1. Could you count how many residues in segment 153-169 are in a helix (DSSP H, G or I) and more than 12 Å from Ala97 (Cα to Cα)?
2. Step by step: first the residues of segment 49-64, then only those that are open to solvent by 50 Å² or more (accessible area, probe 1.4 Å) and over 17 Å from Val11 (Cα atoms), then the one that is modelled with the lowest pLDDT. Which residue is that?
3. Right, Thr105: open to solvent by less than 30 Å² (accessible area, probe 1.4 Å), touching a residue at least 60 places away in the same chain (Cβ under 8 Å), outside any strand (DSSP E or B) and farther than 25 Å from Thr61 by Cβ or not?
4. Please verify whether segment 164-174 includes one or more residues that are open to solvent by 40 Å² or more (accessible area, probe 1.4 Å), without any contact (Cβ under 8 Å) to a residue 60 or more places away in the chain and more than 15 Å from the chain's Cα centre (by Cα).
5. Out of Ile98, Ile110, Ile117, report the one residue that is more than 21 Å from Thr61 (Cα to Cα) and either crowded, with 20+ Cβ neighbours inside 10 Å or in contact (Cβ under 8 Å) with a residue 12 or more places away in the chain (or both).
Amino acid sequence: MSSANKGVGKVEVTLKWDPSPAGVPDHDLDIIAAVYRADDPHGAPVYLVHFGSRSPDGTITLQRESSTGQGFGFDEAMTLELNRLAPEYARVVVGVAIQQGGGRTTFSDITNALVLIKEGYKELDSYDFAGLGDATAVTVVEFLRDDTGGWGWRRAIRGFDADPQSFTELMGAERS
């Protein structure tokens with residue numbers, strides 16, 4: 001984990017974007033977190049947290065969820081209490097997927113999208129999706145447990161052309 005930043009405990013991932021122009025179906029972006037076991041960090045996720053759900057142990061919660069991007073500031077917010085996750089979990093990948101209900105929508109169709117990762121008041125990272133073009137989903141950050149049990153993080157920008165369900169099956173795969 002030499003390229004990862006060390007020492008995070010409770011992290012918030014927030015997401016904002018501009019609403020669709022008049023006459024265009026709403027853009028609905030969703031934050032998704034996938035949790036992986038230490039003995040299979042790139043296999044199938046043990047569980048997912050996304051709209052309408054939370055982790056079974058309450059360590060990952062989605063407090064705010066928007067289906068339009070309307071409002072002031074950040075429209076979606078997910079809290080990850082990594083320091084409370086059970087020891088059998090060693091990797092958490094967080095991504096953003098675009099719901100495809102109104103026809104195919106890509107990140108190039110959405111204006112002023114921004115994801116922000118912070119711990120308390122300290123900004124760890126942010127990304128504006130500008131370089132994703134035709135992607136419909138993207139991983140943004142991964143959190144990794146080290147040998148001492150502490151958590152580090154690293155930027156994990158990787159675009160996918162996948163609907164939200166397919167994305168959840170792909171987001172934790174090893175990079176080739």
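1. Matching residues across segment 153-169 total 1.
2. Gly52
3. yes
4. Scanning segment 164-174 turns up no residue that is open to solvent by 40 Å² or more (accessible area, probe 1.4 Å), without any contact (Cβ under 8 Å) to a residue 60 or more places away in the chain and more than 15 Å from the chain's Cα centre (by Cα).
5. Going through Ile98, Ile110, Ile117 in turn, the sole match is Ile110.
The values are calculated or read from the model by the stated rules, or taken from the named source; none is laboratory data. Keep in mind that what you see is a predicted model, and the values were worked out from it rather than measured. In this analysis, Cβ positions are derived from the backbone assuming ideal geometry, glycine residues included, and neighbour counts consider all displayed protein chains. Side chains included, ligands, DNA and RNA excluded: accessible areas come from the protein's heavy atoms. Shrake-Rupley method; radii C 1.70, N 1.55, O 1.52, S 1.80 Å.
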